[in-house]
Amino acid sequence: MDEKLIQRLESAVSRLESLSAGFQPSASPVDPSDAARDPSVVAFADLTDQYVARVSRAAEVIGGKVLDVSKCLQEAFVVQKELLIQLKQTQKPDLAGLAEFLKPLNEVITKAAKLTEGRRSDFFNHLKAAADSLSALAWIAYAGKDCGMSMPIAHVEESWQMAEFYCNKVLVEYRNKDPNHVEWARALKELYLPGLRDYVKSYHPLGPVWSPTGKIFAPSKASAPAAPAAPPPPSASLFSSELSQASSSKPKSGMSAVFQQISTGNVTSGLRKVTDDMKTKNRSDRSGVVATIEKESRASPRVPSKAGPPKFELQMGRKWVVENQIEKKDLVIGDCDAKQSVYVYGCKNSVLQIPDKVNNITIDKCTKIGVIFKDVVAAFEIVNSNGVEVQCQGAAPTILVDNTSGCQLYLSKDSLQTSITTAKSSEINVLVPGAEPDGDWVEHSLPQQYIHLFKDGHFETTPASHSGG
C-alpha cells in the first residue's frame, strides 16, 4: 500500500515538474472551438437570438431607416460576440492594443451614429435611440477602477439612460398610431434592460476575463502611426455618455484618452457677420410695410441677434453654466455634486444629461431642449422657454414651469410625489409610468384654462374641462 502511494506521489510530482518547465504564457492558446463553446459566449449568443432578433423582426415590418439602424445594431452584437471569443484566446493588451482590439466595434457604432446626421428624418427618435444605445456595448473595454469608466453593470445602465430619452418619445408618439413602432421600442429597451445588463451581471460583473495563457495582442503595423506621436482617437467614442467633449473641464486620462471624441468644430463658424449696410436703420429700401422676407429673416434661428458665445463651465466651484449651445446632442455634466446648481440659458436643439444629484436646475430662454437628470435637492425650474422635454430618473421635490409653451415631463416612480407649479404656461404634459412594470407611459395634460366663480363672498377657481359631443 505504501509503495503504491509513493509511486502515485512521484508520478504527480513528475507531471507538475513537466508542466512547470514547459509553461509559456503565450505558447498555449485556447482552441477557438473551445472558446466558442464557453458558457459566457453561448449565453451571449442566446441573448442575441432572443432580444436582437425581436428588434429585427419589428424593424423589418417598419422598414426604411429604422431597418437600417436595426441592422447596424444587429451587426454590433455580432461583432461583440466575436470579441468575446477572442477574449478567451488573448492576453489583456495595453491601451494601444485595446484600442485596436475594439476597433471593429467602434466602426459599427460610428456607422450607426452617421445615420442620425444630415437632414432630420421622420424616424429621428428611432435612429437616436438605437445609435445611442450601442455605447452600452463598451462595457467590454472596462480595464479597472482607474480606467475612467463605470463598472460594466453600471455602464450598461447609464448608457441606456441617454437612449431611453428618445425611446420614450417613440413610445409616446406611436402608442395610438402604430403598434409596430411600439413593439420596436419595447424590444430595444428589453435588449438592454434586462437583457444585456443581466448578461454582464452573470458573466462579467468585474469586467472582461482575458486569457492568462493566450496570444499577445498588438496593434497591426498598418494601423500604427508613422510618427512617434500617439495614435489619433476614433471618430466616434464608444463612451458617448461618459466622454462627451463638454462633460468636464478636467483633462481626460486612461481609457478616456483612448476614446476621446474628435471635436466637431465651432458651431458658429458658418454664420455671417452683420455689416452696417445690412442693418435695417441704414437700408434705403426700408418702409413702413413689413415684408414677408423680413419676417422670415427675423424669425430665422440660425442668426441670433443677441446670442453670446457658447459656455460650458463650472463657476466658483458651485454653479454649472451652460449657455448658447446650439445643435449639441451630447452635453453631459460630469463630476457634479449635491451642493452645485445648474443654469442653462439660450440653448437650442440640444440635449443635456446630468447623471448625478445636484442642488438646483434652471432652464431659461431655451428652445427645443431635452434635459435628463437624476436627482435635485431643491427644485427644477423652467422659465421663458419653448418646446422643453424633461426626464427625471430619480427624485425632485419641486418642478416649476413659468412662461413656457410646450413642455413634456417624464417622471420616474421615485418622483411621483413631485409638486408641480405652473404659471403663464401652455401645453404642459406629464407622463408617468404605467401600473405594469413594462406598461406604456400614461400621459396627463395639466390645465391651462380656469373658471373663476364668485361664491359665498370669495372666488372659487376650478380647471376648465372640455368634452366633445
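Quick notes on this one:
- Cβ crowding within 10 Å averaged over residues, with 386-395, 42-51 ranked highest first: 386-395, 42-51
- Over segment 315-469, equivalent-ellipsoid semi-axes from the Cα gyration tensor in Å: 29, 18, 16
- With all pairs of different C-alpha atoms in the average, the Kirkwood value for the hydrodynamic radius of segment 398-454 is 12.6 Å.
- Most tightly packed first, judged by the mean number of other beta-carbon atoms within 10 Å of their residues, the peptides 75-84, 142-151, 313-322 read 75-84, 142-151, 313-322.
- Prolate is the label for segment 47-173, because a/c, from the alpha-carbon gyration tensor with a ≥ b ≥ c as root eigenvalues, is 1.5 or above and a/b exceeds b/c.
- Put simply, the C-alpha atoms of segment 312-354 give a gyration tensor, and the ellipsoid matching it has half-axes of 19, 11, 7 Å, longest first.
- Each label point was placed 7 Å from the Cα along the Cα-to-Cβ direction; for Arg57 and Asp364 their separation is 5.2 nm.
- Between Asp337 and Arg318, the contour length at 0.36 nm per residue exceeds the Cα-Cα span by 5.9 nm.
- Values of log10 I(q)/I(0) for segment 313-384 across q = 0.13, 0.19, 0.21, 0.28 Å⁻¹ run -0.31, -0.67, -0.83, -1.43, by the Debye formula with one identical scatterer at each alpha carbon and no solvent.
- Eigen-decomposition of the gyration tensor built on the alpha-carbon atoms of segment 116-217 gives equivalent ellipsoid semi-axes of 32, 15, 11 angstrom, largest listed first.
- Using a Förster distance of 25 Å, the FRET efficiency for Arg37-Asp198 (Cβ separation, nearest 0.05): 0.75
- Out-of-range pairs (alpha-carbon distance over 18 Å; input Lys201/Lys374; Lys114/Lys329; Lys329/Lys368): Lys201/Lys374
Computed from the coordinates by the stated procedures, all read-outs in this text should not be read as laboratory data. Please read all numbers here as calculations on a predicted model, not as lab measurements. Glycine gets a Cβ as well: all are built from the backbone with ideal geometry, and neighbour counts include every protein chain shown.
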